[in-house]
Amino acid sequence: MKISEIVSGGQTGVDQGALDACRWIDFPYGGWVPKGRLTEAGPLPGTYKGMQEHPSIDYLARTEANVVDSDATLVMTSGKPTGGSKRTIEFAKKHGRPWRHLDMGKPMEAEVKETVAWLKEACPDGCVLNVAGTRESKKPGIQKAALVYVLEILGKANGKCYYPPPMERAN
């Protein structure tokens, strides 16, 4: 099993952390963002290339589109999923897509190991993985943490070694 692409909704926090990881290692990424490239901090910068604008400004419309257009969904939060993270799981269930919740409040090594094992069971080779989770405003620092988690997951799933970037370059 290898991940071929990461998709995300472009929101601050986990979404952008996953995209930043891909940008850091020149890994394929994409996904639906709300019309106007809407995020809680304003429009998603144009440096996030390859993102598609959804016809709707509704966050949930793009969330559902990303679930439907991927092979599996990974929801990353610190603690129990709430809000949009909880709705992402509901969309995965509705559309019969495999999903996993990764709790960033638990030890990283164990969560990454369990996620990679799940991916091997849930995803075909060339898996398109949707990554969603907590916004930066709800958990400051989660965007940079998500970047490191995603690099670890990609490295272990794809059999490569991606070194986490220095945190000052993670933006």
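Scan region 46-68 residue by residue and report those that are open to solvent by less than 50 Å² (accessible area, probe 1.4 Å) and among the acidic types (Asp, Glu).
Our first condition is that a residue be open to solvent by less than 50 Å² (accessible area, probe 1.4 Å); within region 46-68, this holds for 48, 51, 54, 56, 61-67.
Selection gives 64 alone.
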Query raised in the report: Inside region 8-45, can you point out the residues that are in a loop (DSSP other than H, G, I, E, B), modelled with pLDDT of 95 or more and open to solvent by 30 Å² or more (accessible area, probe 1.4 Å)?
Result: 28, 35, 36, 37, 40, 41, 45
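Return yes when residue 41 is out of contact with any His (no Cβ under 9 Å at 6 or more places or on another chain), within 19 Å of residue 127 (Cβ to Cβ) and among the hydrophobic types (A, V, I, L, M, F, W, C) and no when it is not. Write out each step before concluding.
Numbers: out of contact with any His (no Cβ under 9 Å at 6 or more places or on another chain): yes; within 19 Å of residue 127 (Cβ to Cβ): no; among the hydrophobic types (A, V, I, L, M, F, W, C): yes.
When the stated conditions are applied, residue 41 does not pass them.
Residue-by-condition table, conditions (1) touching a residue at least 12 places away in the same chain (Cβ under 8 Å); (2) in contact with a Phe, Trp or Tyr (Cβ under 7 Å, 6 or more places away or on another chain); (3) part of a loop (DSSP other than H, G, I, E, B):
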position	(1), (2), (3)
75	yes, yes, no
87	yes, no, no
136	yes, no, yes
160	no, no, yes
Query raised in the report: Looking at residue 170, is it open to solvent by less than 20 Å² (accessible area, probe 1.4 Å), of a type in the set (A, V, I, L, M, F, W, C) and modelled with pLDDT under 95?
Result: yes
**Report entry** Hits in region 103-156 (condition: open to solvent by less than 30 Å² (accessible area, probe 1.4 Å), within 13 Å of the chain's Cα centre (by Cα) and small (Gly, Ala, Ser))
**Finding:** 132, 133, 146
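The values are calculated or read from the model by the stated rules, or taken from the named source; none is laboratory data. These numbers come from a predicted model, not from an experiment. With ideal geometry, Cβ positions are generated from the backbone for all residues, glycine too; neighbour counts draw on all protein chains shown. Surface accessibility is based on the protein's heavy atoms, side chains included, excluding ligands, DNA and RNA. Shrake-Rupley method; radii C 1.70, N 1.55, O 1.52, S 1.80 Å.
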